[in-house]
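One structure is given below, encoded as structure tokens.
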Amino acid sequence: MAVRAVSLDLDDTLWPVLPALIEAEHCVDRWLQQHHPDVASAWPIEAMRELRDKIARENTHLAHDFSEQRRLTIRHAFAACGIDDAPVDELWRIYFAARNNVELYPDTLPALERIARHVPLVSISNGNADLEVIGLHHFFHTRLNASGVGVAKPHPQIFLAAAEALAIAPGDMLHVGDDPMLDVVGAREAGLRTAWLNRTGERWSHGPAPDLEFADMAALAEWIDATVSTDS
Ligand SMILES: [Mg+2]
């Protein structure tokens, strides 16, 4: 398989996202308890989470924009307490900082160093992780997310945008990610080669198998080392 570039999912591919999301919710909650205790008691973490889910369901036009969903959630929570000028920007900054305070999987950094030596990397994420804040941006030629492109994975357009950014054919790009539907099925339908990053050792049960499957980023780096250097 000739691979000229790699596109990478971020959340749950390079770091576990759940601990950062939970901590971000707690940071927002602590700030509310301190500055708006009435809002904090009306919207404990679980209620705020349900409100966000409801807002996501009711605003399908924002399906590609988690950040705007969250800002809307804050506005609703404050409005329900009779406060019209919600401190949206301040709370967004608090959430965003904690959400990007991720702990990389131990294999991520050495693997990115190895892979970036052989092929250009593009990030493709539906979430609002910021590689610059996380400190990994220098590995990536292009960084794409759903809110910037205007569609979310598995829409083919976001994968095609990655190939376009490098001026290569979709079939020359390998997309790597943990999510069977969003990453593997989505990328395959856009004409990319696919690798499933299967850290938990699940069985594939989503139709045609991915071209490749890796247990972690180190295994991907080994494959790139062996394949791309001999191909080129
Ligand atoms: Mg993911």
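The values are calculated or read from the model by the stated rules, or taken from the named source; none is laboratory data. No experiment lies behind these values; they were computed from the predicted model shown. Here the Cβ positions follow ideal geometry from the backbone for every residue, glycine too, while neighbour counts run over all protein chains shown.
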Tally up the residues in the range 70-91 that are surrounded by fewer than 18 Cβ atoms within 10 Å (Cβ to Cβ) and either among the aromatic types (F, W, Y) or outside any helix (DSSP H, G or I) (or both), please.
6
Go over the candidates A190, A165 one by one and state the one that is more than 19 Å from H118 (Cα to Cα), aliphatic (A, V, I, L, M) and in the same structural domain as H118 (by TED's automatic domain parsing).
A190
Within the range 123-144, count every residue that is within 15 Å of R99 (Cα to Cα) and surrounded by fewer than 16 Cβ atoms within 10 Å (Cβ to Cβ).
3
Looking at the structure I just gave you, is S147 surrounded by 16 or more Cβ atoms within 10 Å (Cβ to Cβ), part of a helix (DSSP H, G or I) and polar (S, T, N, Q)?
yes
Limited to the range 163-179, what total is found for residues that are surrounded by fewer than 19 Cβ atoms within 10 Å (Cβ to Cβ) and not charged (D, E, K, R)?
7
Residues of the range 108-120 that turn out to be closer than 24 Å to L18 by Cα and either within 16 Å of the ligand (Cβ to nearest atom) or in a loop (DSSP other than H, G, I, E, B) (or both), as a count:
3
Would you be able to say whether some residue in the range 190-203 is without any contact (Cβ under 8 Å) to a residue 12 or more places away in the chain, hydroxyl-bearing (S, T, Y) and farther than 19 Å from R4 by Cα?
yes
Checked the range 5-19 for anything assigned to a helix (DSSP H, G or I) and within 13 Å of the ligand (Cβ to nearest atom); matches are L18
For residues in the range 121-144 being out of contact with any helix residue (DSSP H, G or I) (no Cβ under 7 Å at 6 or more places or on another chain), away from the ligand (no atom under 16 Å from the Cβ) and outside any loop (DSSP other than H, G, I, E, B), which is nearest to V3 (Cα to Cα)?
H138
